[in-house]
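The values are calculated or read from the model by the stated rules, or taken from the named source; none is laboratory data. What you see is a predicted model; the values in this text were computed from it and never measured. Cβ sites come from the backbone with ideal geometry, for glycine too, and all protein chains shown count toward neighbours.
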Amino acid sequence: MLEKGGDLDGELTMRGVTKPAHFEVLPSHCPLDLPQQCVISVRGTIQRSDFGMSNHRTAISDQVQLGMMISLDYAARSATTD
């Protein structure tokens, strides 16, 4: 369960540029018996200029908030024989 949320650190690649990224996993109640009903939300902020995006600064802020919603589903299981 992700009832407390947490940090998600890694790398983000955009336009061929890879930079460290930090995202926040928001609290989410995920029923263990129904994982397909689990939706996990993640959010973070990047600087466009870090990824070589410097055009349109008068219309678009350099600081951009990103968000994702991840939906879980059952994984296919392979049959095994003993």
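A few remarks follow.
- Looking only at residues of region 54-81 that are part of a loop (DSSP other than H, G, I, E, B) and touching a strand residue (DSSP E or B) at 6+ places or on another chain (Cβ under 8 Å), we find that the one that is modelled with the lowest pLDDT is LEU72.
- Of the residues in region 13-36, at least one is at pLDDT below 90 and of a type in the set (Ser, Thr, Tyr).
- Count of region 1-45 residues which are surrounded by 10 or more Cβ atoms within 10 Å (Cβ to Cβ), free of Cβ contacts under 8 Å to residues at least 12 places away in the same chain and in a loop (DSSP other than H, G, I, E, B): 1
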